[in-house]
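Below is the structure I would like to discuss, written out as structure tokens.
The values are calculated or read from the model by the stated rules, or taken from the named source; none is laboratory data. Note that the structure is a prediction, hence the values are computed from the model and not measured. Counting neighbours? That spans all protein chains shown, and the Cβs are built from the backbone with ideal geometry, glycine included. For accessibility, only protein heavy atoms count, side chains too; no ligands or nucleic acids. Shrake-Rupley method; radii C 1.70, N 1.55, O 1.52, S 1.80 Å.
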There are 2 protein chains.
Amino acid sequence: MTLQRSWVASAQAANTDFPLHNLPFGVFRDWEGDDAPRVGVAIGDRVLDVSALKASLFDGVAKRAADACAESTLNALMSLGSEYATALRARLIELLDASHADIETNKKAVQPALIAMKDAEMLLPAQIGDYTDFYASIHHATNVGLMFRPDTPLLPNYKHIPVGYHGRASSIVVSGTAIKRPQGQSKSDDAEAPSFGPTKMLDYELEMGAFIGGGNSLGEPIAIKDARTHLFGLCLVNDWSARDIQRWEYQPLGPFLAKNFGTTISPWVVTMDALEPFRARAFARAQGDPAPFPHLYDETDQTSGALDVIVEAWLESAKMRDDGFEAVRLSRGNMKNLYWTLAQMVVHHTSNGCNFKPGDLIATGTISGEEKESRGCLIERTWRGAEPLTLPTDETRTFLQDGDTVILKAYCERDGLRIGFGECRGTVSA
Amino acid sequence: MTLQRSWVASAQAANTDFPLHNLPFGVFRDWEGDDAPRVGVAIGDRVLDVSALKASLFDGVAKRAADACAESTLNALMSLGSEYATALRARLIELLDASHADIETNKKAVQPALIAMKDAEMLLPAQIGDYTDFYASIHHATNVGLMFRPDTPLLPNYKHIPVGYHGRASSIVVSGTAIKRPQGQSKSDDAEAPSFGPTKMLDYELEMGAFIGGGNSLGEPIAIKDARTHLFGLCLVNDWSARDIQRWEYQPLGPFLAKNFGTTISPWVVTMDALEPFRARAFARAQGDPAPFPHLYDETDQTSGALDVIVEAWLESAKMRDDGFEAVRLSRGNMKNLYWTLAQMVVHHTSNGCNFKPGDLIATGTISGEEKESRGCLIERTWRGAEPLTLPTDETRTFLQDGDTVILKAYCERDGLRIGFGECRGTVSA
């Protein structure tokens, strides 16, 4: 693979999340200039304001995609179908490429449309019609199952169905939004009756989310060979969870108030094109595991339908901030360890005819691996509080305290190529 | 109560769903004239095209509400808050009232804006951001629980929490839309492995839905004394369900593909103002039942927070149509028998800070009563197929067959006053 570089200096840094090969899409506004939300692309420490570029820089499919960047959400671009964003991104790579023959002309045309990231406010990238959360990590499902249902940790359907449920779209917020500790009902094992009050078991969940680009009509399932073309790109998702509320409410209809008080997503949507070099073999089913049903099986999906994305959760307490400590990493896992691929989730979701619309979000569920250090939420990481974590300030944590900031990060690294997702950050307030 | 009548003759019929006292809102387009979707009001067998009325007929709050009727969904009207629709409806009652002093002037102004219902195509009344389905009938929960979990039919949380879950908004369709029999995974008790194919246990669920008018901000729960003002109005909901898929998939995260292939709603939204005369005492908790938590309890809500709405499910098979039989009634129940009031559902839903947006829909869950004839779905009505129903054609039904049309109806009747909800209709296709 040829490693092109951008003439934007900050995009050449070894540790940048946003080199020339990434170019994720997001929605921003800059307070200094025009404050209308519009679509931008991240490059180094800059936001490229696509709608500020001259129309003459684009033609054909790329031009129509660039026009959609004047909108206040990515939905218009998403709804055009995957080839539009692909063409736009390819053209933007040319315009930002340090080795391009027209570099001087390109610089002159593009530089005025570059805004410092620190001057841009990032907004929710899309109007999310429906949000679905899956449960695709078998390690997470087994661990949580052990705690909630010791007799049957992994239910009989798990290896046949990419288990998922509908989440709440209205309470999805962008990175940086404060999360208010929710109140709710819970009942401890030794209590006679439930009680109502602020959750005592506030947790995060480290997940990846996939935005749907082109949708499907009601009644028309998506075939697995086509599933990939319906995915626009990925972001980080923190599915904040109140474990005490969840335990009391979740039977028989699933999690509800334990989850819908807030879900945080990262603002930059990394396209499937940018992720292409990081495709990986699907999770190896254990000897004796059932084969997926034919509609959920595709050879290409098995050999390269997973994604090698390293995911991390970091914590910074209020005291750590006061005492000058940096955030500490609580876990590091990998998306390629999911039992189900994104394509399988898409196919299962639509197998009954359910329709996706552009801008819908599906999330993977907590990404945990086999090792303790790869467990993507506190209830697993501290084994329901039995093994507290110690912070640099000598504070301990079983669940989140007010003032705690959770920072999720993700990146891909292979053959000298690295792209990242930026941050998904939220601070717990009382 | 004075029973005013409308000068629209069809609105005077004893059995009309849409007399002067109803005036539900909906979204329609007429193929003969302007085909842009807009807000209308049902009166007798006519749709009143509010946006076709002269602006000078309205002033103040009512005028702003009338302006919102030019939109293609009710969301704009809903988001204004309850007093706006209240004022508009009050003014429309004046304009349509046969005993009004200005009747001749009013007739002249209104008549050109009346369209025959048969010439109007009804559309989804709102853009539904999020859809939540509750489980508020204790009779339904007990019956289904007996079939799915004979050991613990009613779970310990039921009398403390208005149990609910998030449904799918994208697949909500308006009355009249065909429902394609979904495929899915299921596993019978005696099978070694699950199988994939068309559901063999397709069911309807007879529910009422409530549209949210004004929303709340994330993190700000709605108090029970304010809950009513957040409700815009009610419609019928058919929560089509595939019982075999549901049984296999629903643990541990709740129903998903068993429900999200389609949900049908009736097009006319009957306002809370129209329902005011039909308020009823909340369901009487049995001796020994726990008292609701303080945030879920309000004296006014207990004495008049339920609604006396008679709900019916009707069936017409393809053969019945061919042989000239009318639809037969399968059940008749009453919304006042729900264990939880709509206000309690709103309060519980937002008690953790979850936010509602205008146009969000909450549904009650299947409305079943104590008697067999009041059970609002086939799995209860036929006790999971053990007691088939016989149709006038001598066909029998345990679950729905292709070609079956399910028609839900609802109405209120008290002291000579009757209002109805129209129909919620759907035909099963292969």
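Can you tell me which residues in the stretch A:1-57 are among the hydroxyl-bearing types (Ser, Thr, Tyr) and part of a strand (DSSP E or B)?
Matches in the stretch A:1-57: A:SER6 only.
Let me ask something else about it. Scanning for something in contact with a strand residue (DSSP E or B) (Cβ under 7 Å, 6 or more places away or on another chain), open to solvent by less than 20 Å² (accessible area, probe 1.4 Å), within 13 Å of chain A (Cβ to nearest Cβ) and farther than 19 Å from A:SER351 by Cβ, does the stretch B:219-227 turn up at least one residue?
For the stretch B:219-227, residues in contact with a strand residue (DSSP E or B) (Cβ under 7 Å, 6 or more places away or on another chain), open to solvent by less than 20 Å² (accessible area, probe 1.4 Å), within 13 Å of chain A (Cβ to nearest Cβ) and farther than 19 Å from A:SER351 by Cβ: present.
Across the stretch B:202-218, what is the total count of residues that are away from chain A (no Cβ under 13 Å) and either surrounded by fewer than 21 Cβ atoms within 10 Å (Cβ to Cβ) or free of Cβ contacts under 8 Å to residues at least 12 places away in the same chain (or both)?
1
One line per residue, one yes/no per condition, for (1) in the same structural domain as A:PHE293 (by TED's automatic domain parsing); (2) surrounded by fewer than 21 Cβ atoms within 10 Å (Cβ to Cβ); (3) at pLDDT 95 or above; (4) within 16 Å of the chain's Cα centre (by Cα):
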| residue | (1), (2), (3), (4) |
| --- | --- |
| A:LYS336 | yes, yes, yes, yes |
| A:TYR339 | yes, no, yes, no |
| A:LEU342 | yes, no, yes, yes |
| A:LYS357 | yes, yes, yes, no |
| A:ILE362 | yes, no, yes, yes |
| A:ILE367 | yes, no, yes, yes |
| A:SER374 | yes, no, yes, no |
| A:ARG381 | yes, no, yes, no |
| A:PRO392 | yes, yes, yes, no |
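Counting just the residues of the stretch B:228-256 that are within 13 Å of another protein chain (Cβ to nearest Cβ) and aliphatic (A, V, I, L, M), which one comes out surrounded by the most Cβ atoms within 10 Å (Cβ to Cβ)?
B:ILE245
Then there is this: Out of B:ALA386, B:ALA410, I need the residue that is of a type outside the set (S, T, N, Q) and under 20 Å from the mean Cα position of the chain (by Cα). Which one?
Unique residue meeting the criteria: B:ALA410.
Quick one: which of A:ALA62, A:ALA98, A:ALA52 is modelled with pLDDT of 95 or more and closer than 30 Å to A:ALA227 by Cβ?
A:ALA62
Identify all residues within the stretch A:319-378 that are part of a helix (DSSP H, G or I) and farther than 30 Å from B:PHE196 by Cβ; write none if there are none.
Passing the criteria: A:LYS319, A:MET320, A:ARG321, A:ASP322, A:LYS372, A:GLU373, A:SER374, A:LEU378.
For A:VAL309, indicate whether it is out of contact with any Gly (no Cβ under 8 Å at 6 or more places or on another chain), within 14 Å of chain B (Cβ to nearest Cβ) and modelled with pLDDT of 95 or more. Full working, then the answer.
Details: out of contact with any Gly (no Cβ under 8 Å at 6 or more places or on another chain): yes; within 14 Å of chain B (Cβ to nearest Cβ): no; modelled with pLDDT of 95 or more: yes.
No: the conditions fail for A:VAL309.
Please state which one of A:LEU155, A:LEU146, A:LEU96, A:LEU123 is more than 12 Å from every other protein chain (Cβ to nearest Cβ) and without any contact (Cβ under 8 Å) to a residue 60 or more places away in the chain. Spell out how you get there, then give the answer.
Numbers: A:LEU155 fails: more than 12 Å from every other protein chain (Cβ to nearest Cβ); A:LEU96 fails: without any contact (Cβ under 8 Å) to a residue 60 or more places away in the chain; A:LEU123 fails: without any contact (Cβ under 8 Å) to a residue 60 or more places away in the chain.
Unique residue meeting the criteria: A:LEU146.
Got a number for residues in the stretch A:413-428 being under 18 Å from the mean Cα position of the chain (by Cα) and either under 21 Å from A:THR263 (Cα atoms) or surrounded by fewer than 24 Cβ atoms within 10 Å (Cβ to Cβ) (or both)?
Residues in the stretch A:413-428 being under 18 Å from the mean Cα position of the chain (by Cα) and either under 21 Å from A:THR263 (Cα atoms) or surrounded by fewer than 24 Cβ atoms within 10 Å (Cβ to Cβ) (or both): 10 in total.
Here's another thing I want to ask about it. If I ask for residues that are farther than 22 Å from A:LEU123 by Cβ and either modelled with pLDDT of 95 or more or facing chain B (nearest Cβ under 10 Å) (or both), which ones from the stretch A:169-190 would you list?
Our first condition is that a residue be farther than 22 Å from A:LEU123 by Cβ; within the stretch A:169-190, this holds for A:181-190.
Correct list: A:ARG181, A:PRO182, A:GLN183, A:GLY184, A:GLN185, A:SER186, A:LYS187.
For the stretch A:303-325, enumerate the residues that are more than 22 Å from A:ARG418 (Cα to Cα) and of a type outside the set (A, V, I, L, M).
The answer is A:GLU316, A:SER317, A:LYS319, A:ARG321, A:ASP322, A:ASP323, A:GLY324, A:PHE325.
Still on this model: Among what's in the stretch A:42-66 and is in contact with a Phe, Trp or Tyr (Cβ under 9 Å, 6 or more places away or on another chain) and more than 16 Å from A:GLN12 (Cα to Cα), pick the residue that is surrounded by the fewest Cβ atoms within 10 Å (Cβ to Cβ).
For the stretch A:42-66, the residue satisfying everything is A:ARG64.
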